[in-house]
Structure formats: C-alpha cells, structure tokens
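Beneath this line is the structure, given in structure tokens, with notes to follow.
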Amino acid sequence: MTSFRAWLCTLKVYTQPASLRMLALGFSAGLPLLLVLGTLSFWLREAGIDRTTIGYLSWVGLAYAFKWVWAPLVDRLPLPGLTRRLGRRRSWLLLSQLLIAAGLLGMASQNPQLALTPMVWSALVVAFGSATQDIALDAYRIESASMQEQAALAATYQTGYRLAMIWAGAGVLWVATLAQGAQLGYAVRAWQVAYSVMAACMVVGIVTVLLSPEPQPRPLPPSRSVQEWLHSALVAPFADFIARYRWQAALVLGLIAVYRISDVVMGIMANPFYVDMGYTKAQVAAVTKIYGVLMTLLGAFVGGAMAMRWGVMRVLMLGALLSASSNLLFAWLTGQAPTTVGLTLVVSADNLAGGIASAAFIAYLSSLTNVQYSATQYALFSSMMLLAPKWLAGFSGQFVDAYGYSPFFISTAALGLPVLVLVALAARVPTVPVAR
C-alpha cells in the first residue's frame, strides 16, 4: 500500500500547471513534424512519386539537425516589438508558430504531380519554423521547472506531441477522405483542404504562448563588443559542456547522435510501406495514427514514471533495446496479409517502445543542459540526435527499391546494436551538476 501511495504522489506532478502548459505546447511542437515527413510521404506516394525521391525529400528534416546553428540567436537575440511584450522565450515561440502556419498554407497550395520544387520550399519553411519552435520550447521547458520535475514535463510534452501526431496523421487522412468525397484515385484538392486545416490548428500553440507566463529570466552578462557577444552566444555554450565532461563529452555526444537511429531511419519508409502493402487509409488512420500514438503516450508516461523511480540510464537502456527489437516485427509483417490485427500488434509494440525511449531520452538530455545556455545546448543535443539518422534515412527509399522492405527493416534493427554498448558506457559517466 505504501508503494502504491508513493506512485500516486509521483503521478500528481502531471496535474501541475507547468505540466498542463507543456501538454498544449507539445501539441504545437508535434503538429508540423509528420506534415513535412510521414504524412507528406503518404501524399507523395499516392500522387505517384517514386520511393527513391520520397527518401531524398526526407532530407527536409535535416533542418531539425542543424538548428544548433541558429540556436544561439534564439537563446539571446531579442525580437523587436515582441520580446519586450512577451519575453525572450515566448516571443520566439510565437514567431516560429506563425512561420509554421504560413509554410503549411504554402504546402496546401501545391500539387506535387505538377511541380515538386514549390512543395519542397514550403516544407522547408515549415521545418525551419518547427525547428526554431523546438529550440525556444526546450529552453522554456527546462527553465520552467526544477531538475526533479523534468521527466514529468517530458512526459506531458510527449503526450501533447503525440496527440498532435494523431491529428497530423489520422486527422489529416480523415479530412482528406471527407474532402475527396466519392472521387476515386488521387485527389489533390482533398490534400490541399487537409493541409489548410492543419495550418489553422497552429492556433492552439499561439493561444497557449499568449496566455502562458514567461519563465524567470536568466540575467545575461552585458557584452562590450560584437566579438564578446559572439563568444558568449556561440562559443561559451559549447565550451561549458566540454569543460564539464572533458574527454567523456565525446562518449555522451556519440550516444546522443545514434540513440534514435533505428526509429528515424525506419520511419521514413513506414507510410510508403503501408501504401504498397495495400492497407487502406482507414486502417492506417485508425491503427498507426491513433491506436499506435496512444500506445506511445502510454509508453511516455510509463517511461517518465520509471525514470523518476529507477533512474534515467536504466530506462534509457530498456528503451534502446525495445526500439531496435520492434523493427523486426515490421520485417515479419511484410510476409503477412494486410490485416488490421497484424498491423495493430506490430504498431502497438513499436510505439510503446518508442514512447519509453523518448521520455527517458528527453530527461537524459535535460540533465546534461546548463540553464545558462539552455536553448543552445539542448538544440545541440537534439540536433546531433537527428543529423546522422536523417542523413541515412534519405537513402532508405533507394535501399527498399534495391532490396525490399524485409531486409530494410532487419537492417534498421541492427543499427540499434551499437546503441546498447554506448548506453552501457555512458551509464558510468557521472552527470556533472549545474546551477539551476
């Protein structure tokens, strides 16, 4: 009974105002991702775009991997007219959300069968705005609560994020289906309506930003010259991390760079796989975009709670093992008839594993971050997490065209094996405390 009460007390953190704000802001962060990657690949494949091209177009997502380049500006540069009214974090959040909405409307005005270039440019605007939102939002989250509460904020953030992925995955398919009506085959107008609706949904994040409090501002030392400002904005955040971890920084950064490689590389070909296997829009929407995301939410809550009770590194190892193993289930699915039951079992296991891994990984990254440079350092970590996986994922369509889906899924599972070794080694690296 004592243990049960302890768990209840632990779970009460999810009802605090800071956690609820992260739920709504997580929705705003999760909405654009599928719309420029997963859902977009479904649209392109239905439009007859070949898998190799779809794979290459996934490099739009590299914007997330290079966000550390402009993270120092988000961390320190005030926005004229906005920062004075909203504060440093909220002003950048609002600007990025407006960029996302504008980019989605640009995508909604395109037909990929006629020209891909305008679609790519609009998707890049969405990706850039989304990456900028992530920079500001990660800093907002880290500065809004103590270190002990970061795992809970990560879990509620993941909840909002995954709810947005339901809407940007299943919701966009439903809207497109309704807009298509009785028309058979590919209907570009249906997709255009669906993406316009997604753009309108960015109002959730915009309203939340306007109603949320700005975190207690961290005093920034005045810069006496442009050179001094550039040093404090660009050099100091990275020097701080290296100074704290010394040679062990290479091990930590190596783990960050490959931890999610199995999921990211596999994910680009997931929607083309569903289309090619003959699954219907209704099956994909119901199973992968709703039920699967709900399993991810369950995994995120379980992972966040386990990290608070048992420690982040243990759950990090469990998440890495489960994430790599679940890709083998997709290899099994390639030999099965396209049934809802089989798809549900595989997607459930994969998303549950991904939720556990994500919650633990976000908590781990937060523990490495010095709040003095929260936006820049966290952007560096999350960018490194995506750089190698996104680059490798660009060749996924070419690999599938050459060897097929089953070898592809097996290969992505094998990519997770070195991660287990790195987690074991990183567990021996003590976390260097920083002032919070």
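The values are calculated or read from the model by the stated rules, or taken from the named source; none is laboratory data. Remember, predicted model here, so these are calculated numbers, not experimental data. For neighbour counting, all protein chains shown are included, and Cβ atoms are generated from backbone atoms with ideal geometry for every residue, glycine included. Each accessible area value is taken on the protein alone, full model and side chains, heavy atoms only, with ligands, DNA and RNA left out. Shrake-Rupley method; radii C 1.70, N 1.55, O 1.52, S 1.80 Å.
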What residue among Ala243, Ala307, Ala270 shows peak mean-square fluctuation when the chain is described by a Gaussian network model with Cα springs under 10 Å?
Ala243
Helix-only [θ]222 nm of the chain, DSSP H runs n ≥ 4, -39500 (n - 2.57) each, per residue, nearest 500
-23000 deg cm²/dmol
Stokes-Einstein at 4 °C, 1.567 mPa s, Kirkwood radius from Cα pairs: D for the stretch 17-126 in µm² s⁻¹?
83 µm²/s
Taking the mean number of other Cβ atoms within 10 Å as a proxy for protection, how do you rank 320-328, 413-421, 350-358 from highest to lowest?
350-358, 320-328, 413-421
Provide, in order from the shortest bin, the percent of all Cα-Cα pairs of the chain in each 20 Å bin, continuing until the bin that contains the maximum pair distance.
26, 59, 14, 0
Quick one: accessible area per residue over the stretch 317-436, 1.4 Å probe, rounded to a whole number of Å²?
37 Å²
So, taking all protein chains as they sit and a 1.4 Å probe, how much accessible area belongs to Tyr56, in Å² rounded to tens?
90 Å²
Determine the dipole magnitude for the chain: charges of +1 sit on the beta-carbon of Lys and Arg, -1 on that of Asp and Glu, nothing else is charged, the reference point is the Cα centre, and the result goes in debye to the nearest 20.
980 debye
Global geometry of the stretch 304-419, whether rounded, prolate or oblate, following the gyration tensor of its Cα atoms and the 1.5 cut on a/c
oblate
Per residue accessible area in Å² of the stretch 267-312, where ligands, DNA and RNA are left out and the probe is 1.4 Å:
33 Å²
With the full set of protein chains in place, find how many percent of the accessible area of the chain is carbon and sulfur; take the probe as 1.4 Å.
70 percent
Please give the contour-minus-distance gain from Thr334 to Val69: 0.36 nm per residue of separation, less the Cα-Cα distance, rounded to one decimal in nm.
91.4 nm
Just the accessible area per residue of the stretch 101-142, please: how many Å² with a 1.4 Å probe?
31 Å²
Between Leu82, Leu422, Leu392, which gets the highest mean-square fluctuation from a Gaussian network model of the chain, Cα cutoff 10 Å?
Leu82
Counting each pair of different Cα atoms once, what's the Kirkwood radius of the stretch 341-400 in Å, rounded to one decimal?
13.9 Å
